[in-house]
1. Based on alpha-carbon centroids, what's the gap between segment 26-42 and segment 48-66 in Å, whole number please?
2. Tell me which GluC sites (Glu not before Pro) from segment 43-134 have a DSSP coil assignment and no more than 12 other beta carbons within 10 Å of their own.
3. So if we plug the beta-carbon distance of Thr132 and Ala22 into 1/(1 + (r/R0)^6) with R0 = 30 Å, what FRET efficiency do we get, rounded to 0.05?
4. Step through the residues of segment 51-65 one at a time and calculate ³J(HN,Hα) from phi using the Karplus curve (6.51 cos²θ - 1.76 cosθ + 1.60, θ = phi - 60°), rounding each to whole Hz and writing x for Gly and Pro.
5. Amide H to amide H, which residues 5 or more places from Ile3 or on other chains are under 5 Å from it, using H placed in the peptide plane?
6. Taking all protein chains in place and a 1.4 Å probe, what share, in percent, of the accessible surface of the chain do carbon and sulfur account for?
7. To the nearest 0.05, what FRET efficiency results for Asn46 and Val112 with a Förster distance of 22 Å applied to their C-beta separation?
8. Using 0.36 nm times the number of residues separating Arg83 and Asp121, minus their current alpha carbon distance, what extension gain do you get?
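The values are calculated or read from the model by the stated rules, or taken from the named source; none is laboratory data. Keep in mind that what you see is a predicted model, and the values were worked out from it rather than measured. Counting neighbours? That spans all protein chains shown, and the Cβs are built from the backbone with ideal geometry, glycine included. We work out accessible area using only protein heavy atoms, side chains counted, and drop any ligands, DNA or RNA first. Shrake-Rupley method; radii C 1.70, N 1.55, O 1.52, S 1.80 Å.
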Amino acid sequence: MSIILVGFMGSGKTTVAKALTADYIDLDCLIEQEMKMSISDYFTQNGEARFRELESKLLMQYVFDDVVIATGGGIVESKQNRRQLQEVQNVVYLSGDLMTLVERMKEDKNNVRPLANQGFDVLKARYEKKKTLV
Ligand code: S3P
């Protein structure tokens, strides 16, 4: 049975995936392995649009497999990705209030999130927009 975890940054997608199975797929980790650089460096060197292309490509590659997938928080931004996700039975949305997510992101020192460092108002707008897409 495949399970696809979606949710805003800091909602616990990777933590839940790990708890479900040791064989989970983390799309951000796959991108880091494939590109041999951190997500943050990838954003700096190639920009968000290229990152989204890669993210969509990997989602398409694995979406119908029998796996647990932790997606990146921005996966729902693309209409094409949303369509793909509608084809799958077990898409699980992890929600959380913004302040809790901000606290978790601060505590997560191993994961530098390029889109979380643009000020609170920008983050809040991103959070509100994402809520309308899931
Ligand atoms: C992003 C979320 C991140 C990562 C990238 C972009 C987003 O994943 O894919 O920094 O657009 O919300 P996490 O949700 O695992 O932090």
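1. So the separation of the two Cα centres works out to 12 Å.
2. Working: sites: Glu48, Glu53, Glu55, Glu77, Glu87, Glu103, Glu107, Glu128; in loops: Glu87.
Filter output for segment 43-134: Glu87.
3. Details: r = 34 Å, r/R0 = 1.14.
Plugging the Cβ-Cβ distance into 1/(1 + (r/R0)^6) gives 0.30.
4. For segment 51-65, the Karplus curve yields 4, 4, 4, 4, 4, 5, 4, 5, 4, 4, 5, 10, 4, 9, 7 Hz.
5. Answer set, sorted by chain and number: Val67, Val68, Ile69.
6. Details: 3830 of 7680 Å².
Of the solvent-accessible surface of the chain, carbon and sulfur hold 50 percent.
7. Working: r = 16 Å, r/R0 = 0.71.
Efficiency for this residue pair is about 0.90.
8. Values: separation 38, 0.36 × 38 = 13.68 nm, distance 2.90 nm.
This chain segment gains 10.8 nm when fully extended.
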